[in-house]
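Written below as structure tokens is the structure these notes are about.
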Amino acid sequence: MNITPDQTLDASGLACPMPIIKTKKAVDGLKVGEILKLIATDPGSVSDVAAWTQKTGQELLGHEVVEGKHVFYIKKTK
Amino acid sequence: MTEETKRLAIIASHGTVDAAYPPFILGTAGAAMDMEVAIFFTFFGLQILKKGKIDKLKVAPIANPAMPVPMPNIIGMLPGMTAAATAMMNSWMKKAKVAKLSELLAMAQELGIRLIGCQMTMDVMGIKKEDLIDGIEIGGAATFLEFASHNAITLTF
């Protein structure tokens with residue numbers, strides 16, 4: 001995916017709910033408009049990251065699987 | 001679109017490993033989703049808040065037919081079986097890389113979750129405030145219900 005992140009968070013090896021908690025903390029630290037690249041190995045993160053962005057109003061720009069890991073791009077919108 | 005619920009009110013009333021995890025997992029996830037969260041620790045759930053106790057909680061091998069390794073009650077009641085079941089459970093949790101309960105507790109406090117210890121349980125079980133971890137509130141049913149009455153999702157474990 002051709003997106004340049006402002007910050008990368010590697011949550012590989014972490015189980016629910018840690019990827020979401022680390023994501024919240026990382027996005028809190030971004031400025032509006034900046035993009036977080038999140039890497040996770042928890043299969044539940046596919047559903048959870050989408051739910052998290054929906055509930056918090058942040059934007060999920062995309063999700064892809066790279067070398068067996070889930071990679072998400074999240075844009076801080078507010 | 002309906003108005004979104006912003007509060008999550010959780011009751012933790014059991015003091016076993018399997019019962020202690022869901023309040024913290026759902027509570028911290030709720031806080032991460034910008035919800036206000038309170039967990040009310042009552043009856044055996046109050047043990048979770050005792051100093052140095054949270055990572056020493058046990059799994060009950062008796063009357064627990066859902067254990068992945070089936071354990072007949074007559075075996076489960078033998079000496080040492082509670083420790084064995086607990087060790088087994090903890091090794092599964094570790095293998096699945098689930099955070100320790102103490103880590104989730106620290107995260108809950110960092111995220112500003114209200115942890116409320118039940119006063120009545122303290123009286124019943126002879127637990128003093130100094131027996132419990134720092135940074136918690138002590139309250140009763142009304143404390144929890146006042147929080148929950150503001151359009152909260154309420155979960156009980």
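What follows is calculated from the coordinates using simple rules that are stated; it is not laboratory data. As the structure is a prediction and not an experimental result, all values here were calculated from the model. All Cβ positions, glycine included, derive from the backbone under ideal geometry; neighbour counts span all protein chains shown.
Taking θ as phi - 60° and the Karplus parameters 6.51, -1.76 and 1.60, the scalar couplings of segment B:14-24 work out to 10, x, 9, 4, 5, 8, 7, 5, x, x, 6 Hz in sequence order, x denoting glycine and proline.
Considering only alpha-carbon pairs that sit under 8 angstrom and 6 or more positions apart, the relative contact order computed for chain A is 35 percent. Considering only B:Pro23, B:Pro61, B:Pro70, the mean-square fluctuation computed in a Gaussian network model of chain B, springs between alpha carbons under 10 angstrom, is largest for B:Pro70.
Of the trypsin sites (Lys or Arg not before Pro) found in segment B:3-93, the ones in coil according to DSSP and having at most 16 other Cβ atoms within 10 Å of their Cβ are B:Lys6, B:Lys51.
Taking GluC sites (Glu not before Pro) in DSSP loop states with no more than 12 other Cβ atoms inside 10 Å as exposed sites, chain B has its longest site-free stretch at B:5-157.
About its Cα centre, the dipole of segment B:56-157 is roughly 540 debye, where the only charges are +1 on Lys and Arg Cβ and -1 on Asp and Glu Cβ. Here chain A carries DSSP beta bridges of which approximately 70% are antiparallel, counting only pairs with both residues inside. Checking the table A:Lys25/A:Lys76; A:Lys22/B:Lys100; A:Lys55/B:Lys95 against a 20 Å threshold on Cα-Cα, which pairs fail? Table pairs above 20 Å Cα-Cα are A:Lys55/B:Lys95. Just checking the listed ones, A:Val27, A:Val66, A:Val46: in the Gaussian network model of chain A with Cα springs under 10 Å, the one fluctuating most is A:Val66. The length gained by stretching the chain between A:Thr4 and A:Leu60 to full extension, at 0.36 nm per residue less their Cα-Cα distance, is 18.8 nm. Shape of the protein assembly as shown from the C-alpha gyration tensor: oblate (a/c of 1.5 or more and a/b not above b/c, with a ≥ b ≥ c the square roots of its eigenvalues). Loop-resident GluC sites (Glu not before Pro) (DSSP state other than H, G, I, E or B) in segment A:9-78 with no more than 12 further Cβ atoms inside 10 Å of their Cβ: A:Glu67. Rg and Dmax of chain A, based on Cα coordinates, read 11.0, 31 Å. Here the mean projected area of the convex hull built on the C-alpha positions of segment B:51-157 is 9.0 nm².
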